[in-house]
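Report on the structure given below.
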Amino acid sequence: MTTYILRRLMLMVPTLLGVLAVVFFVMAAAPGGVGGSGLDLEGAQNQDEDAKRVQRQMQRRYGTDLPAYQQFFRWMNQVSPVGFRMSAQVRAGYGDADRAEAAAALSGLALAERDRDLGAAVDLALEFAAYRDQTPGEAAGELAGVLGSASSAVSALHWVDSTLSPGDRERLLAGLTQSYANGLRNGQLAAVRELSFEAAGASRVRFDRPAVKMPDLGETLKGRSVVDRLSEALPISILLNLLTIPLIYLVAIVTGVYAARRAGGAFDLSSGVVLITLWCLPTIWVGQLMLQYLASAQQPWGQLFPTGGLHSLRAEELPFLPRWGGEDGFEAGWLLDSLWHLALPVVCLTYGGFAVASRVMRGSVLDALSADYVRTARAKGVHPRVVLWSHVFRNSLLPLITMAASILPALFAGTVIVETIFSINGMGKLAVDAAFAKDRELMMAVTLLGGILGLISELIRDVCYAIADPRVSYD
Amino acid sequence: MNNRFGLRDLVLVVLLVAVLVSVWLGTIEGDRRWEKLEGVESALAEQGHAINRVRQQLREGVLAVGTVGGGVASGVSAEQVSNPFEKLIAAQSSEGFAEGGWYIDRFRSAVGKLTPLVPADIYQRTIESYVLEPLIKRDPDTLEWEPFIAKSWWISDDGLSYVFELRRDVTFADEVPLTSADVVFTYEQIMNPQINAPALKSYYSRIESVQAFGPHLVMFRFKEPYFLALSFAGGMTIMPKHYYERFTPEQFNTMPGLLFGSGPYRLKDDPEDWEAGAQSVELVRNENYWGQALGYRPPVDRLVWRITSEETAALQQFKNREIDRYGIQPDQYPVLSEDEGLHAEGELHSYRAAGGGYRYIGWNQRRNGEPTKYADVRVRRALTMLTDRQRLADELLAGQAFVTSGPFDASTNQSNPEIEPWPYDPETARALLAEAGWEDRDGDGSIENASGEPFVVNLIFPSGNDGYLRMALALKDSYARAGILVQANPTEWNTMLQKLKERDFDAISLGWGGAIESDPYQIFHSSQIEGGGHNSIHYVNSELDALIEEARVTVDEEARTALWHRVHQHLHDDQPYTFLFNFRSNVFINKRVGNVRVTKTGLSPLTEQFIPLGLQYHAN
């Protein structure tokens, strides 16, 4: 068994790679590329200079000026725990000692009068050090030379990236000279920085020696950490699933077994009709109806459920458990408030799942009931209840285990509609929003998570087979 | 049967699950308590600071007596300075005025970030406008610039230098005075290369320097004269130096909730702890607001924005009194404007905001290096005359749109009042087309040019939008009567932008956002054809170019307005676009909210509105 699990785990790696590669290249081939076509905030196009800046920023962050396969390797390197540190990570590794070293080398310039300038210059020097494989002291020394006097502004030329267009180079050098004329340190730093980094794209990334490093899922387009976004959305999805999956199974197993026991009877027929009718109802429509009839104060029976979200506005001030005898008599408390908010979404998520699971259960119980060992058990005079629950039930669980493997990943991604109707920010909405915004790092992280979950649930399924059915063995 | 799952096992499993669930619930409760405790602690700390300040002032009692004179003196000068809150204070005398209550609005999607400058969305800016304040503000009724944090300003004769004199009594929410150092800091923060604010940087790159002269004078110097210079400089919202200085650029770029300023409202908790992706965003009244010394206290206790992604849910929330505001889309207008449930709770306000933008059809004059049929001005005019814009507005948009004659909003000075939109006139249009060589030569009902090529308009527009689709189909119908075939092509947004960028389209229908004084340079100047600018229709008019260039550097408003009027005339004559409509906004506001009125820029600001006593049901 252990070797089997190990082998399966090893096989997961190429499968996952394949999934990631497909998603990555589909995204790369989509019109507009990463982040769409330089959309600005209102969804209008960026203006000329803006568009260039955004484009450069994209190039530095995602390497969008490289061919797609190189971008893929770059991303893989970034998320892998073993690989090359990139300059941004090298820079993040600098400590106080390095800052002090850089500050010492810059002390010749009269920057001390305003600490802000010194800080900015030290930051710039460290950035140079990281990108150019110099020690912080060396880089700061060279920067001090460039910033030293107006005449040495020209010496900034050899810092300039060769990918700059002649027009851009001229404009930036003019800016540099101008800021010298005005004696603006900040302007000088900005110009030097732009000359050497801003104007150029991904080619400015230097890969350090290979090392064991922290995997980095990157940032969203809006500059927030992808891990943060996932950690906001994931608990909500997990909560919904923890409530939904057991509920589906409980109802499906009970109705399935009873329907099979008297196949063709009244319960079998009526449960079949009801569950399949439920299965046919589109979630989006049911959700809207629920909102209109169960969550409206203008209905004659009043508002029974909240309109959306996971807590009321004043949830923070509520006590945790329900209590009686407060100012307004009964106070629901945080726990009940949350359950009350979860009721409609959970109903929406479950009602469609009953039918399939229940019918599958019914079929396999029927199968087992006609098996030889059941007849033998009956002939031996075993109590019918014992036959049903210990002989038949266990043997008819296999198809449900198969289904579970597909339900788990589907519920993580497939709750978009319910999440949208009830204004819940779970994984489904996160994934769809990421896809629409062409937010590559977020999309890839969601894919990675979904891929890992899918593969692991398949593994668990196979292990469960072995546990549920002694005939299955992997050794 | 030794592995039988018996009653004992069942009890065990149930117990185990129960223990796990209660441990989990326990941790949640622990977290909630911890958060509450933190809130109490920070409130205590704030009070402690306040007490310390009072003590300090008491200890310096003797000095204070000395400065009371100064205080009185500055009080006198403050009286001479106009009170920027006059209108708001006057509004508070209206009937039933009361302080307190919560005003609840709704956003469509979660707010990812509140930190100013770094790439944000319209939601962030809405919230920011209650927390950060600019030097000067436009009066919503007259659209004139009015003093606010700056009590006066001067513009040098060359139009390059803008000097603002700041009020002395403005403080941030922590009672630290706002000085010119904060203004300089804000500018430097925007221009700091490590701050992730590319869009703002390129706007503010027109500024050469921002200098402080003493604590209350600040000068913006521009590299070149620019007509929007005053709104750039004066409209910059001031960030407190002492607060933002603590954060490194990296922290500033990545921390989501760093929003703190001098405005009438502030974040409820410590901005550093603000969590993105929550279900609602709440602002509480800034109890130290500097306006209080001038007699103005923001009426509403809390401003809340709930996140409701679904329209039906939001509609229901409005009917349930869970939100106070519900805006309706033009295509929903005929149904929702008559909705009894909405009218039972709210009042419908219709307004046309100045600078609200317009919708157009753009005719691409050059494709693959060749001039297209639209390069002929007669064809473009004919197409405009074939478009029955008034009927489209009345029938497709339920009368919630107004025909516009050009890119400028008719309610602003920028628009030339003498220009009438081209009328719907198919006869003249057909004559114009014939003049341009487009006639029905083979008698099949469609028009062709001399080489027998039929007139086909391939119109692209954003997919997934019913409004555009219905309009395209209506156009197809009315153009067909003149023998023109319209192919309506709904196009996915990113694909469409790609086509715009590559200038690979025949005709396009889209909208532009507007401003009270907008800059036509990006869209109609011929220099914006190359290099991915917005003149994607290859429109060239050298006279217009010169006019736009001149207007942009004319600082004198009257002279500039005259120039804009001539720009408008050119655009009207040339019809590079068929200008379609401005839109009217329709918003339901809960009946309980007082002082809701229509101004030139939309509804009156929330700082003017109030919730009468007895109707403040959210607050209790």
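Residue-wise test of (1) more than 25 Å from residue B:90 (Cβ to Cβ); (2) modelled with pLDDT under 85.
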residue	(1), (2)
B:280	yes, no
B:286	no, no
B:299	no, no
B:315	yes, no
B:319	yes, no
B:322	yes, no
B:330	yes, yes
B:335	yes, yes
B:343	yes, no
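Of all residues in region B:459-470 being touching a strand residue (DSSP E or B) at 6+ places or on another chain (Cβ under 7 Å) and assigned to a helix (DSSP H, G or I), which is modelled with the highest pLDDT?
Per the criteria, the residue is B:469.
Criterion first (of a type in the set (Gly, Ala, Ser) and facing chain A (nearest Cβ under 10 Å)) does residue B:205 satisfy it?
yes
Only one of these is within 10 Å of another protein chain (Cβ to nearest Cβ) and either more than 28 Å from the chain's Cα centre (by Cα) or buried (at least 17 other Cβ atoms within 10 Å of the Cβ) (or both): A:289, A:335. Name it.
Checking each option against the conditions leaves just A:289.
All but one of (1) polar (S, T, N, Q); (2) more than 13 Å from residue A:255 (Cα to Cα); (3) in contact (Cβ under 8 Å) with a residue 40 or more places away in the chain hold for residue A:376; which doesn't?
Tallying (1) polar (S, T, N, Q); (2) more than 13 Å from residue A:255 (Cα to Cα); (3) in contact (Cβ under 8 Å) with a residue 40 or more places away in the chain, residue A:376 fails exactly one: (3).
Go through B:352, B:306 for me and flag whichever is in contact with an Asp or Glu (Cβ under 8 Å, 6 or more places away or on another chain), of a type in the set (D, E, K, R) and crowded, with 17+ Cβ neighbours inside 10 Å.
B:306
If I filter region B:489-502 for residues that are without any contact (Cβ under 8 Å) to a residue 40 or more places away in the chain, within 14 Å of another protein chain (Cβ to nearest Cβ), in contact with a helix residue (DSSP H, G or I) (Cβ under 6 Å, 6 or more places away or on another chain) and over 29 Å from residue B:332 (Cβ atoms), do I get at least one hit?
yes
Given the criterion touching a residue at least 12 places away in the same chain (Cβ under 8 Å), crowded, with 17+ Cβ neighbours inside 10 Å, within 13 Å of chain A (Cβ to nearest Cβ) and not aliphatic (A, V, I, L, M), identify the matching residue among B:464, B:514.
Within the list B:464, B:514, the selection yields B:514.
Search region B:421-451 for residues being in contact with a Phe, Trp or Tyr (Cβ under 8 Å, 6 or more places away or on another chain), buried (at least 16 other Cβ atoms within 10 Å of the Cβ) and assigned to a loop (DSSP other than H, G, I, E, B), and hand back the single one that is modelled with the lowest pLDDT.
Per the stated criteria, the residue is B:446.
Those residues that are free of Cβ contacts under 8 Å to residues at least 12 places away in the same chain and among the charged types (D, E, K, R), I need them from region B:425-461; list them, please.
B:427, B:439, B:441, B:442, B:444, B:448, B:453
Farther than 24 Å from residue B:373 by Cα, modelled with pLDDT of 90 or more, of a type outside the set (Asp, Glu) and in a helix (DSSP H, G or I) - does that describe any residue in region B:577-596?
No, region B:577-596 contains no residue that is farther than 24 Å from residue B:373 by Cα, modelled with pLDDT of 90 or more, of a type outside the set (Asp, Glu) and in a helix (DSSP H, G or I).
State the number of residues belonging to region B:523-551 that are away from chain A (no Cβ under 14 Å), under 30 Å from residue B:156 (Cα atoms) and either among the basic types (Lys, Arg) or touching a residue at least 24 places away in the same chain (Cβ under 8 Å) (or both).
5
Those residues that are surrounded by fewer than 17 Cβ atoms within 10 Å (Cβ to Cβ), out of contact with any strand residue (DSSP E or B) (no Cβ under 7 Å at 6 or more places or on another chain) and under 27 Å from residue A:420 (Cα atoms), I need them from region B:108-144; list them, please.
B:108, B:121, B:122, B:125, B:126 - these are the residues of region B:108-144 that are surrounded by fewer than 17 Cβ atoms within 10 Å (Cβ to Cβ), out of contact with any strand residue (DSSP E or B) (no Cβ under 7 Å at 6 or more places or on another chain) and under 27 Å from residue A:420 (Cα atoms).
Here are some residues: B:534, B:538. Which one is at pLDDT below 85, out of contact with any Ser or Thr (no Cβ under 7 Å at 6 or more places or on another chain) and part of a loop (DSSP other than H, G, I, E, B)?
Checking each option against the conditions leaves just B:534.
For residue B:164, state whether it is within 24 Å of residue B:224 (Cα to Cα), at the interface with chain A (Cβ under 10 Å from one of its Cβ atoms) and buried (at least 20 other Cβ atoms within 10 Å of the Cβ).
Against the criterion (within 24 Å of residue B:224 (Cα to Cα), at the interface with chain A (Cβ under 10 Å from one of its Cβ atoms) and buried (at least 20 other Cβ atoms within 10 Å of the Cβ)), residue B:164 does not qualify.
Going through region B:97-118 one residue at a time, which ones are charged (D, E, K, R) and either away from chain A (no Cβ under 12 Å) or in a strand (DSSP E or B) (or both)?
Result: B:99, B:105, B:106.
Cβ-Cβ below 7 Å, separation at least six or inter-chain, first residue in region B:28-41 and within 12 Å of chain A (Cβ to nearest Cβ), second surrounded by 10 or more Cβ atoms within 10 Å (Cβ to Cβ) and not in a helix (DSSP H, G or I): which pairs?
From region B:28-41, the pairs are B:29/A:320; B:32/A:320; B:39/B:269.
Check whether at least one residue in region A:434-446 is surrounded by fewer than 21 Cβ atoms within 10 Å (Cβ to Cβ), in contact (Cβ under 8 Å) with a residue 12 or more places away in the chain and in a helix (DSSP H, G or I), and report yes or no.
Yes.
Please return the ranges of helices (runs of 4 or more DSSP H) entirely within region A:262-373 where 3 or more residues are within 19 Å of residue B:312 (Cβ to Cβ).
A:283-294, A:333-369
The values are calculated or read from the model by the stated rules, or taken from the named source; none is laboratory data. Here the structure is a predicted model, which means the values were calculated and not measured. Every residue, glycine as well, gets a Cβ built from its backbone with ideal geometry; the counts of neighbours run over all protein chains shown.
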